[in-house]
Amino acid sequence: MTFLDMKTIIFSYILSNFICTIVMMILWKQNRNHFKGTGFWLINFSFHTLGFILIALRGKIPDLLSMGLSNIISVTGVLLSIIGLEKFVGIKNRHIFNFILLFAFSVIQVWFSVFDPSLPVRNVNISAAGIVFCMQGVWVTMFKVDKNIRKLTFNVGVIFLVFTLISIFRIIEIALNPLQSNDFFNSGILNPLVMISFQMLFILLTYSLVLMFNGRLMMEISSKEEELLKKID
């Protein structure tokens, strides 16, 4: 077993995701009556954890589940996280294009998982979908959100941006050095490094979301205190 053994990395990822999901569940219970969108983030974290559990079971369950459904669930979670962000900051948006894109992504993922297995194509497909959705997260948190709360959402946007940059790098690397193996657990150095990077970013995302929600709550408390002081005066 090497330091970058993919099975060990995936197992570690599942454990950290499970802890992050518990944190999000606590956050949802505390804030669901104060802010919209928290439920979408909880679903995102739950989907992400479930997706990696299915990946870890590769070889023990059908390929449709471990290669296809696992990634479809995870990418769906990313889209739901964007919807949750928009609800949290009070932005209304229709996601017809995103759901069409998600459907196309799912078809490609299933086809190259079951009918014409190709790990490079699946990885490019995942990265491309991640770029589209994560860049929307960057746009919402850094530019579209009201300036009064932008400082609370900015760190979340930075993490989405780093996710995007890693995904772009992944596509370029696959294009320059196509993988020879379709075995995800023995596919070279790139996938383990990407998984470790995503794991660290997922932990940072959890921390940033906690800060974002608590910061928004403090702003509301301060606003109500000012209103109360004005009434007393």
Name every residue in the stretch 160-218 that is charged (D, E, K, R), open to solvent by 40 Å² or more (accessible area, probe 1.4 Å) and assigned to a helix (DSSP H, G or I), in order of residue number. Glu173, Arg216
For the condition open to solvent by 20 Å² or more (accessible area, probe 1.4 Å), within 22 Å of Arg170 (Cα to Cα), hydrophobic (A, V, I, L, M, F, W, C) and within 17 Å of the chain's Cα centre (by Cα), what is the one hit in Val75, Val124? Val124
Residues located in the stretch 23-42, provided they are open to solvent by 70 Å² or more (accessible area, probe 1.4 Å) and of a type in the set (A, V, I, L, M): Met25, Ile26
Counting only residues that are surrounded by fewer than 17 Cβ atoms within 10 Å (Cβ to Cβ), among the polar types (S, T, N, Q) and outside any loop (DSSP other than H, G, I, E, B), the stretch 83-104 contains a total of 0
For the stretch 6-29: of the residues being of a type outside the set (A, V, I, L, M) and free of Cβ contacts under 8 Å to residues at least 40 places away in the same chain, which is farthest from Leu85 (Cα to Cα)? Thr8
Does Gly90 fit the bill of being small (Gly, Ala, Ser) and within 19 Å of the chain's Cα centre (by Cα)? no
Just to be sure, is Leu64 part of a helix (DSSP H, G or I), open to solvent by 20 Å² or more (accessible area, probe 1.4 Å) and on the phi < 0 side of the Ramachandran plot? yes
Being among the basic types (Lys, Arg) and within 25 Å of Ala128 (Cα to Cα), is that true of even one residue in the stretch 89-108? yes
Candidates Val132, Val107, Val140, Val121 - the one that is touching a residue at least 40 places away in the same chain (Cβ under 8 Å) and either in contact with an Asp or Glu (Cβ under 8 Å, 6 or more places away or on another chain) or part of a helix (DSSP H, G or I) (or both): Val140
So which residues in the stretch 1-22 are open to solvent by 100 Å² or more (accessible area, probe 1.4 Å) and in a helix (DSSP H, G or I)? Lys7, Phe11, Phe18, Ile19
Just give me the residues in the stretch 46-61 being open to solvent by less than 60 Å² (accessible area, probe 1.4 Å), without any contact (Cβ under 8 Å) to a residue 60 or more places away in the chain and under 21 Å from Val210 (Cβ atoms), in sequence order. Ser46, Thr49
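The values are calculated or read from the model by the stated rules, or taken from the named source; none is laboratory data. None of these values were measured; they are calculated from a predicted model. Neighbour counts are summed over all protein chains in view; Cβ atoms, including those assigned to glycine, are modelled from backbone coordinates with ideal geometry. We work out accessible area using only protein heavy atoms, side chains counted, and drop any ligands, DNA or RNA first. Shrake-Rupley method; radii C 1.70, N 1.55, O 1.52, S 1.80 Å.
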